[in-house]
Amino acid sequence: MPPLKSLGPGFPVIDSDFQSFCASLGILSVEDFLLHDLDALAAQADLRPSPERLKQGLALVFTIIESMHQPWRNGMEILEDVQKNKRILSTGCEGVDSLLKGGLHEGHVTELTGPSSSGKTQFCLMASAEVAYKHKGLVTYIDTGNSFSAKRIAHSIGQVDKKVLQTVMNRIICYSVYDIFTLLAVLHELEFRLKSQICERDGIARLLVIDSISSLITPILGSNGPQGRGLMTSTGWLLKKVADEYSTAVLVSNHTVSGNHGTTKPALGESWKVIPHTRLLLTQVGGSNCSISIIKHPSLENATSFSLLNHSQFCITYKV
């Protein structure tokens with residue numbers, strides 16, 4: 001939990017006197033605050049100078065904390081939210097859309113994992129072009145390896161009027177990010193923008209792409225001990241929060257590592273695998289061919305696969 005003083009900026013009533021009052025009661029963080037009863041704290045405030053100002057601070061802190069959390073929802077409310085606010089975005093690849101029963105789901109984190117040169121970046125670019133062009137939605141593209149290509153985006157869109165192309169390209173906002181701390185800053189900035197947006201479905205953020213998430217997380221694992229895994233977990237849950245609360249589809253790419261008996265598996269370990277709702281595995285078959293399979297999905301069976309021929313263009317035919 002953040003320190004209590006982090007709530008101070010922008011709220012004059014949460015000043016040094018108020019923070020000293022809380023500290024005298026052992027309240028140093030938001031978590032400490034939640035462990036205390038509001039009436040008991042108000043009674044303590046009555047014993048101090050300027051009790052009314054202290055009680056205003058207490059009420060304000062509880063209001064801020066309450067506003068930071070979504071209310072409890074029952075099953076019917078969640079179903080209605082999915083039906084009304086969560087759409088399915090086509091990826092620009094008919095085979096993948098068919099495999100996923102429509103495409104990328106808003107509210108979900110989808111992970112595309114595979115070895116180097118298996119087509120992960122091409123898929124991310126193609127999905128971005130599709131959402132910006134066909135769905136008229138804004139795309140936030142976080143590029144961690146200098147692999148973003150405006151030319152490949154334009155190629156995915158095809159032959160269109162120059163003005164249309166400019167409009168589509170303006171809907172894609174690309175950030176170059178090379179460390180986990182910058183990523184967290186960008187995600188928090190995105191969350192702030194999403195909170196400020198008018199609740200309309202056209203012309204707002206529909207897709208968040210991180211290509212690749214593993215290049216930012218892998219360096220902080222191992223050498224940083226628990227702190228590295230803590231940063232990974234925080235990043236993962238922030239992505240899930242952005243996806244769910246703002247009806248955004250999140251697409252991240254990940255690399256693969258060696259598994260048992262010569263197989264491959266997604267990197268980042270057991271702690272990360274609970275983050276994506278859907279995990280897709282790209283496997284090279286030979287030459288320019290590879291297969292894609294579902295290894296995790298909330299409603300579809302695993303191990304559904306088909307072939308990709310010439311993965312640079314994602315021309316797909318099903319296995320027989």
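Return the subset of 195/240; 195/296; 120/296 for which the Cα-Cα distance in this structure is over 27 Å, preserving the input order. Pairs exceeding 27 Å: 195/296.
Here each label is just a point 7 Å from Cα along the line to Cβ, and for residue 184 and residue 149 those points are 3.4 nm apart.
Residues whose amide H lies under 5 Å from that of residue 254, counting only those 5 or more places away or on a different chain, are 112, 113, 114; hydrogens are built 1.01 Å from N in the peptide plane. Reported value for the stretch 104-195: 115 Å³ per residue, from the convex hull of its C-alpha atoms. Distant-in-sequence amide contacts of residue 87, defined by a placed amide H-H separation under 5 Å and a gap of 5 or more residues or a different chain, comprise 106. Distance between the 7 Å Cα→Cβ label points at residue 101 and residue 161: 3.9 nm. For the pair residue 227 and residue 193, a Förster radius of 22 Å applied to the C-beta separation gives a FRET efficiency near 0.20, rounded to the nearest 0.05.
In this label model, residue 169 and residue 59 are separated by 5.4 nm, measuring between points 7 Å along each Cα→Cβ vector.
Report the trypsin sites (Lys or Arg not before Pro) located in the stretch 92-173 that are in a DSSP loop and have at most 16 other Cβ atoms inside 10 Å of their Cβ, or state none. Within the stretch 92-173, the qualifying trypsin sites (Lys or Arg not before Pro) (loop, at most 16 other Cβ atoms within 10 Å) are 101, 134, 136.
None of the figures in this text is laboratory data; all of them are computed from the coordinates on show. All of these numbers come straight from a predicted model, not from anything done at the bench. Note: ideal-geometry Cβ built from the backbone for every residue, glycine included; neighbour counts use all protein chains shown.
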